[in-house]
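Visitor: Can you keep this structure in mind? I'll have questions shortly.
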Amino acid sequence: MNYTLHQLSIFLKVVELKSITKTSEQMFLSQPAVSIQLKSFQDQFNLPLIEMIGKKVFVTEFGQEVAMHAKIILEQLEEIKNKALAFEGLIYGTLKIAVVSTGKYIMPYFISDFLHQHQGVKLQMDVTNKEAVMESLKRNMVDFALVSIVPNDIAVEAVELMDNNMFLVGNDEISHSKKNNFQSIIEQYPLIYREVGSGTRQTIEKFIKDQKIVVQNKIELTSNEAVKQAILANIGVSVMPLIGLKNELLNGDIKILPCQQLPLKTTWQLIWLKEKKLSYLSKRYLAYLESAKSSIIERQFDWIKKFVVN
């Protein structure tokens, strides 16, 4: 056999994406180039690796076995390269992090200085809802995932970053007495939810169920920004993470509606699969977080103290 590392990379990407077109786009190659390299790789085996039915790619059982070993080979080669650079005092590689949508307000601050310190490190950060984040983690497509609710259906390791405080908020036109409770407020104003699959929605729904609260008028929107704009337009109220409301709270455009039952609290955590063999880069990043996270919170998130009384 005389296959190349380039062929291994292409084959692995085809297996991952189940598409020649998407593989060519992500690897910045033409479709004919992908097909030629894939055929050259296939010609070295007597058994088929993939089957093409129309334009759809189906990976055979043998192909899955080859892909598993190809992944190990490429990871080991990447580790060798990283080790060599480590001996030179350098860190090199790509950190892949899946981030739940609200996490976009904090994750950049917990990685910015690390990237500046290590110019050889690249970042791939996918911001999406919790279900998609967990799917990426389960399929081992990322190194880490940032979540506020740790899953209980898979074994993970975690490092805690900071508290996630969620308050009932409305725009500055809403009249509110400190004597009001959550139920009385949502009887006056529609309650705005995030979409199914959102960690914020999961937390709110558990709270409503536990408190036996009745919600008669609710609205569902698919992003934090959409919820924020709906609040500003006085469409309704919502329970939102404080972290995404910095400017609106400081400007007075959105205000916290005090309730005895709130805030709801979770913890932002960076998690990874328990059985995952961490790369040298991942280990160095975790070490950086442990040493730097307190100063990051103090420098970047001190404004939260104005709204959260411990």
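The values are calculated or read from the model by the stated rules, or taken from the named source; none is laboratory data. Note that the structure is predicted; figures quoted are calculated from it, not measured. Please note: Cβ atoms are built from the backbone with ideal geometry, for glycine as well, and neighbour counts cover all protein chains shown.
Visitor: Just give me the residues in the range 205-261 being among the charged types (D, E, K, R) and touching a Pro at 6+ places or on another chain (Cβ under 9 Å), in sequence order.
Guide: Passing the criteria: only 218.
Visitor: Here's another thing I want to ask about it. Please list, ordered by residue number, the strands (runs of 3 or more DSSP E) wholly in the range 186-271 having 1 or more residues that are surrounded by fewer than 20 Cβ atoms within 10 Å (Cβ to Cβ) and touching a Phe, Trp or Tyr at 6+ places or on another chain (Cβ under 9 Å).
Guide: Where strands (runs of 3 or more DSSP E) fall fully within the range 186-271 and carry at least 1 residues being surrounded by fewer than 20 Cβ atoms within 10 Å (Cβ to Cβ) and touching a Phe, Trp or Tyr at 6+ places or on another chain (Cβ under 9 Å), they are 218-220, 254-256.
Visitor: Say we look at the range 80-91 and pick out the residues that are among the aliphatic types (A, V, I, L, M) and under 14 Å from residue 282 (Cα atoms); which of these is modelled with the highest pLDDT?
Guide: The selected residue is 91.
Visitor: Quick check on residue 68: is it modelled with pLDDT of 90 or more and closer than 25 Å to residue 246 by Cα?
Guide: It is false that residue 68 is modelled with pLDDT of 90 or more and closer than 25 Å to residue 246 by Cα.
Visitor: Report, by residue number, each residue of the range 273-309 that is acidic (Asp, Glu), within 29 Å of residue 263 (Cβ to Cβ) and in contact (Cβ under 8 Å) with a residue 24 or more places away in the chain. Can you show your working first?
Guide: The initial filter retains those residues of the range 273-309 that are acidic (Asp, Glu), namely 275, 290, 298, 302.
Add one more test, that the residue is within 29 Å of residue 263 (Cβ to Cβ), and what stays is 290, 298, 302.
Within the range 273-309, just 290 meets the criteria.
Visitor: Now for a different question. Which one of these is touching a strand residue (DSSP E or B) at 6+ places or on another chain (Cβ under 6 Å), part of a helix (DSSP H, G or I), modelled with pLDDT of 90 or more and surrounded by 13 or more Cβ atoms within 10 Å (Cβ to Cβ): 34, 15? Reasoning before the result, please.
Guide: Working: 34 fails: touching a strand residue (DSSP E or B) at 6+ places or on another chain (Cβ under 6 Å).
So the residue among 34, 15 that is touching a strand residue (DSSP E or B) at 6+ places or on another chain (Cβ under 6 Å), part of a helix (DSSP H, G or I), modelled with pLDDT of 90 or more and surrounded by 13 or more Cβ atoms within 10 Å (Cβ to Cβ) is 15.
Visitor: Quick check, is residue 276 closer than 30 Å to residue 113 by Cβ, modelled with pLDDT of 90 or more and not aliphatic (A, V, I, L, M)?
Guide: The answer is yes for residue 276.
Visitor: Going through the range 45-74 one residue at a time, which ones are among the aliphatic types (A, V, I, L, M) and in contact (Cβ under 8 Å) with a residue 24 or more places away in the chain? Please lay out each step first, then the result.
Guide: Taking the range 45-74 as the starting set, the residues that turn out to be among the aliphatic types (A, V, I, L, M) are 47, 49-50, 52-53, 57, 59, 66-68, 70, 72-74.
Of everything in the range 45-74, those that are among the aliphatic types (A, V, I, L, M) and in contact (Cβ under 8 Å) with a residue 24 or more places away in the chain turn out to be 49, 50, 57, 59, 66, 67, 70, 73, 74.
Visitor: Report, ordered by the first and then the second residue, all pairs with beta carbons closer than 8 Å, sequence separation of six or more or different chains, a first member in the range 75-104 that is of a type in the set (Asp, Glu), and a second member that is surrounded by 17 or more Cβ atoms within 10 Å (Cβ to Cβ).
Guide: 75/279; 78/93; 78/279; 79/279; 79/280
Visitor: Please find, within the range 28-62, the residue that is farthest from the chain's Cα centre (by Cα) out of those that are over 16 Å from residue 13 (Cβ atoms) and among the aromatic types (Phe, Trp, Tyr).
Guide: Per the stated criteria, the residue is 45.
Visitor: Continuing with this model, one more query. State whether one or more residues within the range 193-204 are basic (Lys, Arg) and out of contact with any Lys or Arg (no Cβ under 7 Å at 6 or more places or on another chain).
Guide: The answer is no; no qualifying residue exists.
Visitor: Could you say which residue among 230, 226 is without any contact (Cβ under 8 Å) to a residue 12 or more places away in the chain and among the aliphatic types (A, V, I, L, M)? If you could, list the steps in order and put the result at the bottom.
Guide: On the way: 230 fails: without any contact (Cβ under 8 Å) to a residue 12 or more places away in the chain.
None of the others qualify; the one that does is 226.
Visitor: Give the number of residues within the range 144-193 that are free of Cβ contacts under 8 Å to residues at least 12 places away in the same chain and of a type in the set (S, T, N, Q). Let's see the steps before the verdict.
Guide: To start, the set of residues in the range 144-193 that are free of Cβ contacts under 8 Å to residues at least 12 places away in the same chain comprises 152-153, 175, 177, 179, 184, 188.
Narrowing the set further to residues that are of a type in the set (S, T, N, Q) leaves 152, 175, 177, 184, 188.
Counting residues in the range 144-193 that are free of Cβ contacts under 8 Å to residues at least 12 places away in the same chain and of a type in the set (S, T, N, Q) gives 5.
Visitor: Between 275, 290, 298, which is in a loop (DSSP other than H, G, I, E, B), out of contact with any Phe, Trp or Tyr (no Cβ under 9 Å at 6 or more places or on another chain) and over 25 Å from residue 198 (Cα atoms)?
Guide: Numbers: 290 fails: in a loop (DSSP other than H, G, I, E, B); 298 fails: in a loop (DSSP other than H, G, I, E, B).
That would be 275, the only listed residue that is in a loop (DSSP other than H, G, I, E, B), out of contact with any Phe, Trp or Tyr (no Cβ under 9 Å at 6 or more places or on another chain) and over 25 Å from residue 198 (Cα atoms).
Visitor: Count, please, the residues in the range 160-180 that happen to be surrounded by 15 or more Cβ atoms within 10 Å (Cβ to Cβ) and either within 16 Å of the chain's Cα centre (by Cα) or within 20 Å of residue 231 (Cα to Cα) (or both).
Guide: 13
Visitor: Scanning the range 92-107 for residues that are surrounded by fewer than 20 Cβ atoms within 10 Å (Cβ to Cβ) and farther than 30 Å from residue 242 by Cβ, which turns out modelled with the lowest pLDDT?
Guide: Ranking the candidates gives 92 first.
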